[in-house]
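Visitor: Quick one: this structure, given as structure tokens, is what I'll be asking you about.
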Amino acid sequence: MNLKYTTTFANLQIKPIVSEDKDKYLSLASINSLKKFLPNIDTDKNIDLLPIAFDACVVNRVNKNGDVINSLTAAEMLKNFINKPINIEHDRSRVIGCVLTASFSKFGTNEELTEDEVKDIKEPFYITLGGVIWKIINPQLSNLIEESNDPSSENYMKVSASWELGFDEYDLVLLKDANKNLEDASFVSDEKEKLKLSKNLKALGGSGKVDNSTYIYRQVIGDVIPLGIGLTSNPAADVQGVAVQDDKVAIIDFKSKEDLSDSSSINEDNTSQNDENTVKEEGVINRIIMKIENINQITDELLKQASASSITDFIQEELKKASETFVSEKNEKDNAIKSTQEKYESLSVESKKVKEELEKLKAALAKLEEEKLAKANEEAFNIRMASFDEEFDLSNEDRQVLAADIKDLNDETFAAYKNKMAVLMKEKSKTAKKAKEDAMKAKASQEEVKASASPEISATEVVDEVIDNAKLEKTSIPNSTTAPEASLREKYSKAFGLEGFDIK
């Protein structure tokens, strides 16, 4: 069976109760009001069957699990309870009986209601079931259920039960404060709104609240299938209990099975011949209860003479031991769960602290990286500006333009930019200016030297040229020519006025 959801409604208690929830519907009812719902079973012929009746749930009223059904759903699914199993603690491998009848009854009084009457009822009412427990399956539990109907027993009203449903759909129910009645609720059916609010449901791990005064519950709707009844020790709803048939009991204390073997003590009509042990009422043969100290004392002969309650004390002791063991094991598991939860919470806190410290370190590292990058960018900017100042003769306006251009450049784009500026600002290049100045100075110097040295050089050159020419002329003089009367020096001195030249 593939159903999206199942829920357990712990609603059945064996004793009449007065709920802690005080409202207009609660009243103290007698368990005797349930006896009219007992299945009609001939227990004289079926001594292995224990008929029972109980209120399975309260319709139109939220239970302690946070779930509820309305009148329409109750009417549609009522007959589907019949033939469903009764088990122990919702363990489907431990079935001990089944449901035989299903009815409606008034909340608090168990006055019977018809199916037509409940369709329009908005206030709470019961689904009341009848069934049988198979004694032979678990005689200890059967005896405990019988004893729980005895007001003088310390086990009076100790057994509880719950019902289990399968369903695919639900609406949300909102109620104020401690109110549990569906007639005072508001409902949420919109899928988007349900999806938003469902996380608050206790059944889904939420707090059970929408705000400080508004509680949220789950109303089961659609195709709802009763899956059975489970007997348990933890009731969850305002119910009256489980009823069994009346039985009169006489108590005789036998210490051992040998006490039953005396044929003179019990005759064939199942009555005791011993005056001390004979208990009779008109029309009634009373059952016998003996004190059993060992399971081996329970014999076929004893079972013929005693009712199921005859072994109650023994079963109770065994159940008490089992209960104590269960409680001990449960407490041990609860403590382990609590310890694990505390460790988990501690680790969560530590993890949160570590995460916060890590985030701080990351932020600090990011800040340092940012500062480091800013400083590196600043240093690079200063170096770049210094390189321009070193290479070019810049004005303040030049520096402002260059600073705006280079502040966001990387190394590659800066190199390209600098090359471009070398071309565009070559007139402002300090190296070019200095070379130009040096050239101008050299030229000026050369002109100055030339200007100061040209007379002497010119006279000398003239003298040398004259002398050379003189030599040429001398060699070309014909033999018939007469030698000049004056020397060449004197001749050219007179011709060029060499008195102003220092010829060496």
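Computed from the coordinates by the stated procedures, all read-outs in this text should not be read as laboratory data. Being a predicted model, the structure only gives us computed values, none of them experimental. Glycine gets a Cβ as well: all are built from the backbone with ideal geometry, and neighbour counts include every protein chain shown.
Visitor: Efficiency by 1/(1 + (r/R0)^6): what FRET value for Leu409 and Ala439, r their Cβ-Cβ distance, R0 = 41 Å, to the nearest 0.05?
Guide: 0.75
Visitor: Shifting gears a bit: Taking neighbour counts of Cβ atoms within 10 Å as a proxy for exposure, in what order, fewest first, do Trp134, Trp163 appear?
Guide: The most exposed by this proxy come first: Trp134, Trp163.
Visitor: When Ser445, Ser152 are ordered from fewest to most other Cβ atoms inside 10 Å of their Cβ, what list results?
Guide: Ser152, Ser445
Visitor: Let me make sure I get this right: for the range 316-391, a, b and c are the square roots of the gyration tensor eigenvalues over alpha carbons, sorted descending. Under 1.5 in a/c it's rounded, otherwise prolate if a/b > b/c, else oblate. Which is it?
Guide: Verdict is prolate for the range 316-391.
Visitor: Give the shape of the range 85-168 as rounded, prolate or oblate, defined through the alpha-carbon gyration tensor: a ≥ b ≥ c are the square roots of its eigenvalues, a/c under 1.5 means rounded, and otherwise the shape is prolate if a/b is larger than b/c and oblate if not.
Guide: oblate
Visitor: Let me ask you something else. For Arg94, Arg218, what ranking results if the residue with the fewest other Cβ atoms within 10 Å of its Cβ goes first?
Guide: Starting with the residue having the fewest Cβ neighbours, the order is Arg94, Arg218.
Visitor: Write out the trypsin sites (Lys or Arg not before Pro) in the range 38-80 meeting two conditions: DSSP loop, and at most 15 other Cβ atoms within 10 Å of their Cβ.
Guide: Answer by residue number: Lys45.
Visitor: So the label point goes 7 Å from the Cα of Ala380 along Cα→C-beta, right? Which residues of the range 406-420 then have their backbone N under 12 Å from it?
Guide: 406-415
Visitor: Set the Förster radius R0 to 22 Å, insert the Cβ-Cβ distance between Ala416 and Glu390 as r into 1/(1 + (r/R0)^6), and round the FRET efficiency to 0.05.
Guide: 0.70
Visitor: For the range 330-396 and the range 36-60, compute the distance between their C-alpha centroids and round to whole Å.
Guide: Going from one Cα centre to the other spans 72 Å.
Visitor: To continue, here is another question. Which FRET efficiency value, to the nearest 0.05, is calculated for Glu370 and Arg399 with the Förster distance at 22 angstrom and r the Cβ-Cβ distance?
Guide: 0.25
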